[in-house]
Amino acid sequence: MNEMREVADLFDNILKDKKLEKYTYVLVKSEKQELNIENGEFKLMRTGFDYYTSLTVFKDNKMGSTSGNDLSKEALLRLAEDSESAAQSSPEDPCHDIAPDQGKEVFRQGIYEPDMDKFVERIQECLDTIKKEFPKVLVMTAVGSFGKSHWISRNSNGTEFEDYSGNYTFYINMSANEDGINTGISGAYVTVDNLDKPFMELSNFRKKLEDVSNSIHTKSIEGKFEGTVILTPDVVTQFMGALIGNYMSDGVIIDGTSLWLDKVGEQVASDKLTVSKKPFDKRIVNGERGTQDGFRAEDVTLIEKGVLKTHSLSLYAANKTGRKVVKNTGWALVVEPGDKSLEEIIKSVDKGLIMGGFSGGEPGTNGDFSGVAKNSFYVENGEIKYAVSETMVNGNIGDIVKNICAISKELVCDGGSVAPYIAATGVIISGK
């Protein structure tokens, strides 16, 4: 028998007995097998099990939500009571709602039974390759894990989604050393649903190792100038997240502070830029299948050749503002590649920075940002001159996407996102 389906049937009966006529819930059972490696030695292998429940109920235009980590009958009863109580004490708002009936569908993603022996071989292979090809690099910690989950989501309109998914994740934490000089800490990460390729060939492992090896001896940039930044794929995903949050998300559209409030259908960025969220893309591992609102998830294009196609709104925000709901509440970011190699882009830069990381606060409402460039390199006259230290960058995320001068052919696919290198002008770079 399907244990999760039995629990879901039990929960339905509990909600029916309590005469809760409008609701949505999710029940999740997950398992993780984890390997920990310190200084090249396997230290720990453990298996953990977890349960998660979340229930939202609606009564008289009021909404109440609670969650827990127990699938027992007693816990489900408490969850129903607590959600009902939360709804009764919440303010009325007719914009709260759930998706109409989406039918019934079962999703299967990734791999559900792991080959842990092969996984260990791939991890050891990666660590051995690093030791051989990058002798200056020390892998301080490495974590490999296999996780799988089985979840069921139902709502009172008749929707039932069921999902079985599983994947491998591998992460390394590293620095480099030479002559007693250490770099800062860097990392590389990938999620996969098969073990067909060595980890060194995936995501940005090799490039990250090359960069940290070349970052031991740093210099400070003298003075302050306006230049070109080449955002690495890691920073591209970071900045795109900020862009979506500041200009397209629920909060800024509801309160009217978004600078792109009335820009749907208009050019807001360089025509080189196309940004989507694609949970069904084959390069995305275990993408969203059912949204938090109860819709069947869909791929959505947010910006196409610089034109804003839609805001990224939940059902509540769409009802609140009279705008279009987006049936996608996950991540699965995909930025389309350009027509130049990274090498060509570097050669085109008169003066600027390859920004491997960014540490700073969240951009302001207008998109202004300020922070420290991490794991970065100074570029002048089309050549990488040296790794930098103590370098500040200031700019505006809205201006960056307008001032894109090149996007790379190369893409980094880490299992959760797909992103190229992006070069943009007009960023203030400050050294000592």
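The values are calculated or read from the model by the stated rules, or taken from the named source; none is laboratory data. Just so it is clear, the structure is predicted and the values come from calculations on it, not from any experiment. A quick note on method: Cβ atoms are made from the backbone with ideal geometry, for glycine too, and the neighbour counts reach across all protein chains shown. Accessible surface is based on the protein model in full, side chains and every heavy atom, while ligands, DNA and RNA are left aside. Shrake-Rupley method; radii C 1.70, N 1.55, O 1.52, S 1.80 Å.
So here's what we get for this one:
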read-out: Among the candidates L55, L10, residue that is over 26 Å from the mean Cα position of the chain (by Cα) and among the hydrophobic types (A, V, I, L, M, F, W, C); value: L10
read-out: Candidate set from region 60-70 (those that are over 26 Å from K32 (Cβ atoms) and open to solvent by 60 Å² or more (accessible area, probe 1.4 Å)); member that is farthest from the chain's Cα centre (by Cα); value: D60
read-out: Residue check, G294 open to solvent by less than 10 Å² (accessible area, probe 1.4 Å) and outside any strand (DSSP E or B); value: yes
read-out: Strands (runs of 3 or more DSSP E) contained entirely in region 166-254, each with at least 2 residues that are closer than 30 Å to D350 by Cβ; value: 218-220, 224-231
read-out: So V307, is it in contact with a Leu (Cβ under 8 Å, 6 or more places away or on another chain) and surrounded by fewer than 21 Cβ atoms within 10 Å (Cβ to Cβ); value: no
read-out: Tally, over region 87-141, of residues that are charged (D, E, K, R), open to solvent by 40 Å² or more (accessible area, probe 1.4 Å) and closer than 24 Å to Y189 by Cα; value: 12
read-out: Hey, K73 open to solvent by 60 Å² or more (accessible area, probe 1.4 Å), touching a Leu at 6+ places or on another chain (Cβ under 7 Å) and in contact (Cβ under 8 Å) with a residue 40 or more places away in the chain or not; value: yes
read-out: Tabulated pairs, region 1-17, first over 16 Å from V106 (Cβ atoms), second open to solvent by 40 Å² or more (accessible area, probe 1.4 Å) and in a helix (DSSP H, G or I), C-beta under 7 angstrom, 6+ apart or interchain; value: L10/K73; I14/L77
read-out: Matching residues in region 8-22 - criterion: being farther than 15 Å from R78 by Cβ and either open to solvent by 80 Å² or more (accessible area, probe 1.4 Å) or part of a strand (DSSP E or B) (or both); value: N13, K16, K19, E21
read-out: Subset of region 24-53 (residues that are open to solvent by less than 30 Å² (accessible area, probe 1.4 Å) and within 13 Å of L79 (Cβ to Cβ)); value: T24, Y25, L27, T53
read-out: Residue list for region 212-235, restricted to those being out of contact with any Pro (no Cβ under 7 Å at 6 or more places or on another chain) and either closer than 18 Å to A419 by Cα or crowded, with 22+ Cβ neighbours inside 10 Å (or both); value: V212, S215, I221, T228, V229, I230, L231, T232, D234, V235
read-out: Qualifying positions in region 48-65 - among the polar types (S, T, N, Q) and farther than 7 Å from S83 by Cα; value: T53, S54, N61
read-out: Region 393-422, residues that are open to solvent by less than 20 Å² (accessible area, probe 1.4 Å), within 21 Å of the chain's Cα centre (by Cα) and more than 20 Å from S359 (Cβ to Cβ); value: G398, V401, I407, S408, G415, V418, P420
read-out: Pair list, Cβ < 7 Å and 6+ apart or interchain, from region 256-269 residues that are part of a loop (DSSP other than H, G, I, E, B) to residues that are of a type in the set (G, A, S); value: L259/G367; L259/G398; V268/G306; A269/G306
read-out: Exclusive hit being part of a strand (DSSP E or B), hydrophobic (A, V, I, L, M, F, W, C) and free of Cβ contacts under 8 Å to residues at least 12 places away in the same chain, set L35, L44, L27; value: L44
